[in-house]
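Reading through the structure tokens given below for one structure.
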Number of protein chains: 2
Amino acid sequence: MTVKKTARTEANAPEPVASDDRPVEARIRAVFDGLTASEKRLAEVVIDSQGDLAAFRAGELADRAGVSAATAARFFRRLGYENYDEARRAARTERNWGSPLYELTGIGERRLAAGDFGLHIAQDLQNLARTAEMMNPAALASAIDILVAARRLWIVGFRNSAALASYARGLLVHVKADVRLVPIAGQTLAEDLVGLRPDDAILVIGFRRRPSILREILALAGEAGARSVLIADLTADRTARLATVVLRCHNRGHSLFDSYAAPMSVLNHLCSAVGLALGEEAVNRLTEIERLHERLDPLDVGPVRRPAARRATSKWADAEK
Amino acid sequence: MTVKKTARTEANAPEPVASDDRPVEARIRAVFDGLTASEKRLAEVVIDSQGDLAAFRAGELADRAGVSAATAARFFRRLGYENYDEARRAARTERNWGSPLYELTGIGERRLAAGDFGLHIAQDLQNLARTAEMMNPAALASAIDILVAARRLWIVGFRNSAALASYARGLLVHVKADVRLVPIAGQTLAEDLVGLRPDDAILVIGFRRRPSILREILALAGEAGARSVLIADLTADRTARLATVVLRCHNRGHSLFDSYAAPMSVLNHLCSAVGLALGEEAVNRLTEIERLHERLDPLDVGPVRRPAARRATSKWADAEK
DNA sequence: GTCGAAATGAAAGGTTTCTTTCATCAGATG
DNA sequence: CATCTGATGAAAGAAACCTTTCATTTCGAC
């Protein structure tokens, strides 16, 4: 076999960098664009393993990615490791030594991308963590209940909250009928919200700055007997009093703009919970559709050629089931 | 004190309890007093591994404890596992289920809301952290530069990405002129994107599932000489090749839907950075306006009473600015 | 259409790891 | 002291794993 140019054969591994102690993720990023489709799937699996890489065997990773063990072996060599065992060892020490998120939340460690961006992310990590800490489980459950029980559902969001409202609606239409967005361009609120009834509900995204109309909408719903869920920042006060349930999110921004990472996360959870509560059947059907789509859709990674499950009797085949 | 010890030979393992799902530590505590000296040392090593048990081989644990591999094999059987591999698998799932991520995040013991929501938030913390770890500073700087230098800027987002695109646009219009959203309902793309020039740029939000039109748009921009920034998940491949700069976000969702907390955060940072780079004057002026607004606007927080509390007729029409 | 390069999985090969057997050793008991 | 019980490691044996080879497939170029 004549090895020339950049052909990648088994015999010609990239020259090993002397004492390369970059974490696995960094290595992946460094070569990601040059990876093959199979390898990219592997990369995803590895990253998804959330730092638990060392807990897996190469073959397991391969199975999860739907590729052969051989490809896995090649993959880790490509990442600059001598072999999988070295990768595993490295991952293990990374875990204990460098990478607990712990350090990330304690602002300003060097693991994050340098500079402003690191600070920014640290801020959002805090926003998420704080939001989670102060979330009232009862309120959350109640909110889910309201959305589940609603016959018709309006989602309201102005200004900064409009994008969030749109997002929420995009999720909820997957699991529920009769979900409407307010305001719709070109319509007046009167048209939008006509005929609110006691078995309807509204989901209000109310981050500052809240136009006063927001309170009027909430009051209107209250008068109509409809229940309301408000998602808002900590400054909401008068508005909050008008809602049946309030879920608060930390949204302090590190720089010019407020952050909506935590609201996004809360909305995601809320909609998932509603979907699950609405019956697994409906959801299963929908996720099934989703998966079907993914299979039919090129998905941008290229055709997924699954090798017939490597070994049906494999011990780990049922690990996650 | 003669304890009547049950003979323990290889052949006579304790009868396996049907589906014993106690964590490893609990098992150890349950039998600790009955362990031999070697086994106690092993037990200590296992506990010291802090849940990373799955990352070690039986032999390694034995080495650390200063005992033979044979003793290790016996030890795990004594803990009620069929063999070491079963123990390893159990430890791994414990990690994901029993002692969830948020203990790793250093937010502290028990402070996150319990249950599913905690797991959900933990997932998003991971998404954020991993996005930060993996972010290429050079790419980020380049993306900022492209957006700053753009004479006209289009923001593109379909499906799931539409809300994000809308959000990005909402931020960017604050700091830049000539920022347009694509697609706009009722217009064809041809109308939207007509006349792209080399000094224009497009910001593409491209999370899966990506319609093929996305690639066409990127190709179009490339042919026109306009630079492009793509924000996408890890599966973007063919699409990514068409963009000038790619910023990748982790968006794995804990439940039904993908998460967009990290993209939200990245967009926020990106827009802030663009704003800052565009000159402090402009930004200062804008933030000044912002603060002024806050002072004049009741903001829902203070006892400030609006003179005319009911001028709702047209007030919320200014939602965009 | 043909050719070649690249990618990939099946299978073989070689290595490591886990388990069991077995002999030794330590401590208790009579 | 002799004997017995149980713990323990060495080593053999078995099983699982990782790597490499090699044939096949895919994809693009000509």
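The values are calculated or read from the model by the stated rules, or taken from the named source; none is laboratory data. Being a predicted model, the structure only gives us computed values, none of them experimental. Neighbour counts run over all protein chains shown; Cβ positions are idealised from the backbone, glycine included. Accessible surface areas use protein heavy atoms only, side chains included; no ligands, DNA or RNA. Shrake-Rupley method; radii C 1.70, N 1.55, O 1.52, S 1.80 Å.
If you go through the stretch A:235-263 and keep only what is facing another protein chain (nearest Cβ under 9 Å) and in contact with a strand residue (DSSP E or B) (Cβ under 9 Å, 6 or more places away or on another chain), you end up with A:Ala236, A:Thr239, A:Ala240, A:Pro263. Of all residues in the stretch A:259-268, at least one satisfies being assigned to a loop (DSSP other than H, G, I, E, B) and closer than 30 Å to A:Gly118 by Cα. Within the stretch A:62-90, restricting attention to residues that are aliphatic (A, V, I, L, M) and near DNA strand D (Cβ under 7 Å from one of its atoms), the residue that is nearest to A:Val45 (Cα to Cα) is A:Ala72. A Cβ distance below 6 Å, combined with a sequence gap of six or more or placement on separate chains, defines the contacts here; from the stretch A:23-44, residues that are over 19 Å from B:Thr131 (Cβ atoms) and not assigned by TED's automatic domain parsing to the domain that holds A:Ala72 reach no residue that is polar (S, T, N, Q) and open to solvent by 10 Å² or more (accessible area, probe 1.4 Å).
Per-residue answers, yes or no, for (1) surrounded by 15 or more Cβ atoms within 10 Å (Cβ to Cβ); (2) over 35 Å from the mean Cα position of the chain (by Cα); (3) under 19 Å from B:Phe32 (Cβ atoms):
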{"residue": "B:Asp63", "(1), (2), (3)": "yes, yes, no"}
{"residue": "B:Val67", "(1), (2), (3)": "yes, yes, yes"}
{"residue": "B:Ala72", "(1), (2), (3)": "yes, yes, yes"}
{"residue": "B:Phe76", "(1), (2), (3)": "yes, yes, yes"}
{"residue": "B:Leu79", "(1), (2), (3)": "yes, yes, yes"}
{"residue": "B:Glu82", "(1), (2), (3)": "no, yes, no"}
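Does the stretch B:202-212 include one or more residues that are away from chain A (no Cβ under 12 Å) and more than 23 Å from B:Ser265 (Cα to Cα)? No, the stretch B:202-212 contains no residue that is away from chain A (no Cβ under 12 Å) and more than 23 Å from B:Ser265 (Cα to Cα). For the stretch A:43-61, filtering for residues that are within 11 Å of DNA strand D (Cβ to nearest atom) and open to solvent by 20 Å² or more (accessible area, probe 1.4 Å) leaves 2. One residue alone among B:Ser265, B:Ser255, B:Ser228, B:Ser272 is at pLDDT 95 or above and touching a His at 6+ places or on another chain (Cβ under 9 Å), and that residue is B:Ser265.
I'd like to check something: does the stretch A:251-268 contain any residue that is open to solvent by 30 Å² or more (accessible area, probe 1.4 Å), over 28 Å from B:Leu125 (Cα atoms) and free of Cβ contacts under 8 Å to residues at least 40 places away in the same chain? There is no residue in the stretch A:251-268 that is open to solvent by 30 Å² or more (accessible area, probe 1.4 Å), over 28 Å from B:Leu125 (Cα atoms) and free of Cβ contacts under 8 Å to residues at least 40 places away in the same chain. In the stretch A:119-133, the condition of being more than 21 Å from the chain's Cα centre (by Cα) and either within 13 Å of chain B (Cβ to nearest Cβ) or open to solvent by 60 Å² or more (accessible area, probe 1.4 Å) (or both) is met by no residue. Which one is farthest from the other protein chains (Cβ to nearest Cβ) among residues in the stretch A:67-85 that are among the polar types (S, T, N, Q) and within 9 Å of DNA strand C (Cβ to nearest atom)? Only one residue fits best here, namely A:Ser68.
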